[in-house]
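Asker: Okay, here's the structure, questions in a sec.
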């Protein structure tokens, strides 16, 4: 039939793009606009082959073949089919298994069934040579596309290049329409807005006991930026007192007898995201009765809503950690009974009530966020998930307390 099909080896395409733009083949060094990338592949294929597109097959590896966030985004796009091989770790490196075999099988099957007149291959692996030869024997024209190599040479098998009917190079200009190198800022996700009570505590003077180290008194360092401080709390990191930054014990001492009061926020206490390092307000339980009584999302969700949630997760939620936290918070707040006051929850920032927090992380695990981390969600991803949750809580509480007419 007079149609074209595109078979993409994602490991080759994105690895070569990372080498070109970031100087190393790690896909974690680049950001991909998958919508723009798929659209670019479609337009280029239809232009080169002068045939309408039937379908784009996206071949990639995933741990235990569990779709990752990018695969979830891709598989619901029009004319895109995702095929996953295994991703295994050996000697500290990840390696794809079964991707080449899947591409070979798909290529020969399409050619045998005369599903298309032209096939575009975006790959560099010579293992696909037998499949290419078989497709040609069935009367299919094979177009081989390469990603511009960082050193200016081909980054494909020479035998594969020689056997192709047509050859093209996706140059830097074409690649950068959908792919860009990440800036190494060390920030994993947009942090929530700094809380004034935390900033007030961090800027308060420390007790003398916290600053003393032996016979000398080190000069206190300037207070950290509130966003940096918030990230430190969320990760549960203990910041050395020798640098003039308060530890949880120091902060508790600020509220003790003889300590200078924090005038900006007299009742403020630094709250952490986990039970470790938790600092309570004097005379109050570790978790208020109101927070402990908050219902979970599962308790608030009907069978019909559960089905609709699953459909939304499959078709529209990409799986970015920050986005996952936002989606969970929106659903939870929308189903809370009217009598629940979210303002009380907001005072617990950045700690989420235990039951709700556990359900949030279990929900995030559905999106494959723990697949690379030995069945545990990475600390940076957990921070991003909770940051997304608190962002939605802040938006809701701000809207509820905004003056009428605004």
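Asker: Quick check: anything in region 74-81 under 21 Å from the mean Cα position of the chain (by Cα) and in contact (Cβ under 8 Å) with a residue 60 or more places away in the chain? Even if it seems obvious, please write down each step before you answer.
Answerer: Quick first cut of region 74-81, residues under 21 Å from the mean Cα position of the chain (by Cα) only: 74-77.
Next, only the ones that are in contact (Cβ under 8 Å) with a residue 60 or more places away in the chain stay: 76.
Yes, region 74-81 contains a residue that is under 21 Å from the mean Cα position of the chain (by Cα) and in contact (Cβ under 8 Å) with a residue 60 or more places away in the chain.
Asker: Here is a follow-up. Return a yes/no flag: does region 48-55 have any residue that is in a helix (DSSP H, G or I) and at pLDDT 90 or above.
Answerer: yes
Asker: Among the residues of region 138-157 satisfying the criterion of being touching a residue at least 24 places away in the same chain (Cβ under 8 Å) and out of contact with any strand residue (DSSP E or B) (no Cβ under 8 Å at 6 or more places or on another chain), which is surrounded by the fewest Cβ atoms within 10 Å (Cβ to Cβ)?
Answerer: In this case the residue turns out to be 139.
Asker: Just the residues that are crowded, with 16+ Cβ neighbours inside 10 Å and either out of contact with any helix residue (DSSP H, G or I) (no Cβ under 7 Å at 6 or more places or on another chain) or not assigned by TED's automatic domain parsing to the domain that holds residue 37 (or both), please, taken from region 103-114.
Answerer: Hits for region 103-114 are 106, 110.
Asker: Sort through 162, 134 and tell me the only one that's at pLDDT 90 or above and either assigned to a loop (DSSP other than H, G, I, E, B) or loosely packed, with under 13 Cβ neighbours inside 10 Å (or both).
Answerer: Just one listed residue meets the conditions, 162.
The values are calculated or read from the model by the stated rules, or taken from the named source; none is laboratory data. Source: prediction; values computed, not measured. Neighbour counts are summed over all protein chains in view; Cβ atoms, including those assigned to glycine, are modelled from backbone coordinates with ideal geometry.
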